[in-house]
Amino acid sequence: MLKERSQKIYQNLINGRVINKRHVDNGLVIENPLFTELALVENNRHYVDMYAFMGYELKQLGDCFFINEIGKEDTISDASMRIQVLLVVLYRGMTTIPMHTDAIIDDKAGLSRERISLIAESEECQEILSAAGLLKKGDFFRDVTSVLVDRNLAYWNSRDRLVLTDGGTALLEHLNEYGSMDNWDLGLEKIAEPKSQDIGNSL
């Protein structure tokens with residue numbers, strides 16, 4: 001276990017961010033040393049035990065790591081609900097534009113701000129947001145940033161288009177697997193609420 005990497009991992013996880021296998025560095029998508037640190041067999045058990053001692057479960061979903069609060073696995077946090085709603089809205093919105101849904105996971109493609117605006121203004125999107133009672137129409141781009149980008153679930157590529165990270169892709173696949181694209185209140189793992197005041201206030 002490397003001390004500097006361990007500290008960076010803690011800062012990310014405790015603030016509700018996921019650790020992805022790949023991340024963006026100077027505009028390039030490269031391997032993430034923090035993910036490697038967590039994934040190494042000789043390290044992983046130590047990290048699992050360390051976070052358990054602090055009251056968290058270190059979990060891996062696809063190519064990302066995140067933490068859950070132990071004892072609250074059966075509840076969906078406000079943060080997780082926001083993530084789920086946004087992923088469902090973006091995914092279903094892409095099918096109605098229409099455009100290929102793989103674009104949002106392709107670094108060379110992505111979802112443009114213009115198309116995100118079209119999705120946000122659609123009647124179906126507004127119905128989902130209203131039913132969730134979490135997001136307001138005028139704040140859609142702010143929510144995309146604070147809920148997805150700030151949590152390392154998405155990023156803006158070199159063409160200023162939204163792309164899901166490994167973590168965002170894993171959660172989207174998780175929702176698809178459990179049929180939550182049609183029933184948005186099911187199937188999402190609870191992601192720990194951020195402890196940092198600045199991140200917490202942005203949600």
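The values are calculated or read from the model by the stated rules, or taken from the named source; none is laboratory data. Every value quoted in this text rests on a predicted model; they were computed, and no experiment measured them. Positions of Cβ are backbone-derived with ideal geometry, glycine not excepted, and every protein chain shown enters the neighbour counts.
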- Query: Consider VAL163 against the criteria (1) part of a helix (DSSP H, G or I); (2) more than 12 Å from VAL89 (Cα to Cα): it satisfies all of them except one. Which criterion is unmet?
  - Reply: (1)
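So which of LEU153, LEU175, LEU162, LEU186 ends up being modelled with pLDDT of 95 or more and more than 24 Å from GLY55 (Cα to Cα)?
So the residue among LEU153, LEU175, LEU162, LEU186 that is modelled with pLDDT of 95 or more and more than 24 Å from GLY55 (Cα to Cα) is LEU162.
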- Task: For residues that are surrounded by fewer than 19 Cβ atoms within 10 Å (Cβ to Cβ) and touching a residue at least 60 places away in the same chain (Cβ under 8 Å), scanning just the stretch 92-115, find the one that is farthest from GLU127 (Cα to Cα).
- Result: ASP107
- Message: Considering only the stretch 60-81, I want to know if a residue exists there that is out of contact with any strand residue (DSSP E or B) (no Cβ under 8 Å at 6 or more places or on another chain), of a type in the set (Val, Ile, Thr), on the phi < 0 side of the Ramachandran plot and surrounded by fewer than 20 Cβ atoms within 10 Å (Cβ to Cβ).
- Response: yes
- Item | Single residue of GLU42, GLU31, GLU37 found to be surrounded by 16 or more Cβ atoms within 10 Å (Cβ to Cβ), farther than 30 Å from SER130 by Cα and not assigned by TED's automatic domain parsing to the domain that holds GLU121 | GLU37
- Message: I'm told ARG82 meets every condition in (1) at pLDDT 90 or above; (2) farther than 16 Å from ALA170 by Cβ except one. Can you identify the failing condition by its number?
- Response: (1)
- Message: So, in the stretch 90-118, how many residues would count as being at pLDDT below 90 and β-branched (Val, Ile, Thr)?
- Response: 4
- Item | Unique match (being touching a Pro at 6+ places or on another chain (Cβ under 9 Å), outside the structural domain of TYR10 (by TED's automatic domain parsing) and under 20 Å from ALA170 (Cα atoms)) among ARG151, ARG92 | ARG151
- Item | All positions within the stretch 24-70 that are under 17 Å from GLN7 (Cβ atoms), in contact (Cβ under 8 Å) with a residue 40 or more places away in the chain and of a type outside the set (A, V, I, L, M, F, W, C) | ASN43, HIS46, TYR47, TYR56
- Among (1) modelled with pLDDT under 95; (2) surrounded by 19 or more Cβ atoms within 10 Å (Cβ to Cβ); (3) closer than 23 Å to LYS59 by Cβ, the one test that SER146 misses: (2)
- Message: I need a count of the residues in the stretch 156-176 that are under 16 Å from LEU28 (Cβ atoms) and under 15 Å from the mean Cα position of the chain (by Cα).
- Response: 4
- Message: For the stretch 1-111, give me every one of the strands (runs of 3 or more DSSP E) that falls completely inside it and has 2 or more residues that are farther than 18 Å from TYR155 by Cβ.
- Response: 56-61, 64-69
